[in-house]
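Q: For reference, the structure I am asking about is given below.
The values are calculated or read from the model by the stated rules, or taken from the named source; none is laboratory data. Predicted, not measured: the structure shown is a model, and the values here were computed from it. Positions of Cβ are generated from backbone atoms using ideal geometry, with glycine treated the same way; all protein chains shown enter the neighbour counts. For accessibility, only protein heavy atoms count, side chains too; no ligands or nucleic acids. Shrake-Rupley method; radii C 1.70, N 1.55, O 1.52, S 1.80 Å.
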Amino acid sequence: MINVIWVALFVIGMVYAAFHGTMNSVNQAVFQSASDAVAICIGLISVLIFWLGLMKIAEKSGLLEKLSRLFKPVMRLLFPEVPADHPAMGYILSNTIANLFGLGNAATPMGIKAMKELKKLNGGSTKPSRSMITLLALNTSGLTLVPATVIAIRMKYGSASPTDIVGPTLLATLCTTLSAILIDRFFYHRRKRRERK
Amino acid sequence: MASVTALSIWLIPSLIGMILLYGTFKRIPSYEAFVEGGKEGFSLAVSIMPFLVGMLTAIAVFRSSGAMDALIRSIGPLLSAIGMPPEVVPLAILRPISGTGALGLMSDLIKTYGPDSFIGRLASVMQGSTDTTFYVVTVYFGAVGVQKIGDALKVGLLADAIGVICSVLIVTLVFGK
């Protein structure tokens, strides 16, 4: 599916540009965004090295394991395939907690590391496992306690109470996350039914 | 607000401190473990690069050609029908596709309509309540070399759609029109 979406974005864009005289901006956009993408990755290098290094200490000292044992009931429910004391669980939890506190640059390295561990559990297959899709769903729904960037922008434009959106945002995030988990479950059972046929 | 800022300033240093102290307490060679774990970071960042370049250029072509705006114009009336102000429709559609694009659009809406207007608040909640699905899928699955993205993208986008509807409902209920 991703191949179709990817090609479609290009082709639709180029055909549209051909008829609407925007080919020049398309030309610029291709190379600008390619260089933006590389810049994002370069920016990620520092946080990836720092947080993965730090998390290695947490993993070796058993801190990650302790953390996963603390949240065992919830995690068992969300990730039934992952053994409770597997390092993947610790990384998933760290990723979720970093997301909750809006530590975006810590959340990404831990999420990627969690994905790596889940892939190992899945026998190194190039197909995503159920747990990998669940972890992705948790991350795309953006569970955050305090949306710091939004608050900062509201302050910049002189809001009378920049933080009054925190409660509603939290509610909305909970809706998104819950529906992501439910939709994820639905697709999982649909896949299962199809495999049986 | 002051307490929130204080919390986020203290959070990372205390986290670092806790990990280091606990590691030392458990007699782990902390510095060596740090270097060992950090080595992975570089190769990971590099391995994401082709995925991100591919996805971001495709999205850029789609946006810069004007096709994105045409899509927004055609879906717009549908979304306005469920009670969403037409001004916010572009943000709802752009949010899962482009993180920086959505941020720019949100700032613009807040600047134009005021942070404490219905539109300003709705834009704030929509921006804060979900993440850039395309980016997350690309980075996370790219880094570990998963090729069949399959249901993951569908789950993310469907959840985003529900999130948008929830945002409209919640903001209307809490602040009124």
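Q: May I ask for the angle, rounded to the nearest 10°, between helix B:67-81 and the longest principal axis of chain B, with both axes built from Cα atoms and the value confined to 0 to 90°?
A: 70 degrees
Q: With Kirkwood's inverse mean 1/r over C-alpha pairs for Rh, give me the Rg to Rh ratio of the protein assembly as shown, two decimals please.
A: Taking Rg over the Kirkwood Rh, I get 0.97.
Q: Can you give the FRET efficiency for A:ALA160 and B:LEU169, using 1/(1 + (r/R0)^6), R0 = 30 Å, r = Cβ-Cβ distance, to the nearest 0.05?
A: The computed FRET efficiency comes out at 0.80.
Q: How far is helix B:2-25 tilted, in degrees, relative to the longest principal axis of the Cα atoms in chain B, given as a value from 0 to 90 rounded to the nearest 10?
A: Tilt relative to chain B: about 30 degrees.
Q: Between segment B:136-175 and segment B:68-119, what is the separation of their alpha carbon centroids in Å?
A: 17 Å
Q: Continuing with the same structure: Can you compute log10 of I(q)/I(0) for segment A:104-150 with the Debye formula, treating each Cα as one identical point scatterer, at q = 0.29 Å⁻¹?
A: The calculated log intensity ratios at q = 0.29 Å⁻¹ are -1.11.
Q: Can you tell me which lysines have their Cα less than 19 Å from the Cα of A:LYS119? Leave out same-chain residues fewer than eight positions away.
A: Filter leaves A:LYS56, A:LYS127, B:LYS148.
Q: Same structure, new question: List residues of segment B:47-91, by number, whose backbone nitrogen lies under 13 Å from a label position 7 Å along Cα→C-beta of A:MET14.
A: Counting only backbone N, you get B:58, B:61-62.
Q: Which order do A:VAL166, B:VAL174 take when ranked by solvent-accessible area (1.4 Å probe, heavy atoms of all protein chains), largest first?
A: Result, largest first: B:VAL174, A:VAL166.
Q: At a probe radius of 1.4 Å, what is the per-residue accessible area of A:TRP6, in Å² to the nearest 10?
A: Per-residue accessible area (A:TRP6): approximately 90 Å².
Q: Which whole-number value in Å² is the accessible area per residue of segment B:74-131, probe 1.4 Å?
A: Counting only protein heavy atoms, the per-residue value for segment B:74-131 is 36 Å².
Q: If you don't mind, there's one more thing I want to ask. Indicate the residues belonging to segment B:89-126 that lose 20 Å² or more of solvent-accessible heavy-atom surface (probe 1.4 Å) upon moving from the chain alone to the assembly of all protein chains, ignoring ligands and nucleic acids.
A: B:LEU103, B:MET106, B:SER107, B:ILE110, B:LYS111, B:PRO115, B:ASP116, B:ARG121, B:SER124, B:VAL125
Q: Just checking the output field for A:181-194: average partner chain Cβ neighbours within 10 Å of each residue's Cβ?
A: 3
Q: Also, I was wondering about something else. On a 0 to 90° scale, report how tilted helix A:104-121 is relative to the longest principal axis of chain A, with both axes built from alpha carbons and the result rounded to the nearest 10.
A: It is inclined by approximately 60 degrees.
Q: Using a 1.4 Å probe on protein heavy atoms only, how many Å² of accessible area do B and A hide from each other, summed over both chains and rounded to 100?
A: Its buried surface, counting both partners, is about 8200 Å².
Q: When the scattering of segment B:6-162 is computed by the Debye formula from its Cα atoms alone, each counted once and equally, what is log10 I(q)/I(0) at q = 0.09 Å⁻¹?
A: -0.46
Q: With a 1.4 Å probe and every protein chain left in place, work out the accessible area per residue of chain A in Å², rounded to a whole number.
A: Each residue of chain A exposes 47 Å² on average to a 1.4 Å probe.
Q: Now, a different point. What is the Rg over Rh value, at two decimals, for segment A:50-196, using alpha-carbon atoms and the Kirkwood definition of Rh?
A: Rg/Rh for segment A:50-196 comes to 1.03.
Q: Now, a different point. What figure, in Å² to the nearest 10, do you get for the accessible area of B:LYS39 with a 1.4 Å probe and non-protein molecules left out?
A: About 150 Å², ignoring ligands and nucleic acids.
Q: Would you work out what percent of the accessible area of the protein assembly as shown, with all protein chains in place, is carbon or sulfur (probe 1.4 Å)?
A: Ligands and nucleic acids excluded, carbon and sulfur reach 68 percent.
Q: Taking a 1.4 Å probe, which of A:THR134, A:THR96 shows the most accessible area, and what order do the others take after it?
A: A:THR96, A:THR134
Q: Using Stokes-Einstein with the Kirkwood hydrodynamic radius over Cα pairs, what translational diffusion coefficient do you get for segment B:63-125 at 10 °C and a viscosity of 1.306 mPa s, in µm²/s rounded to a whole number?
A: So the translational diffusion coefficient is about 134 µm²/s.
Q: With a 4.7 Å Cβ cut-off, tell me which Cys residues in the protein assembly as shown come up empty for a partner.
A: Among the cysteines of the protein assembly as shown, those whose Cβ sits 4.7 Å or more from every other are A:CYS41.
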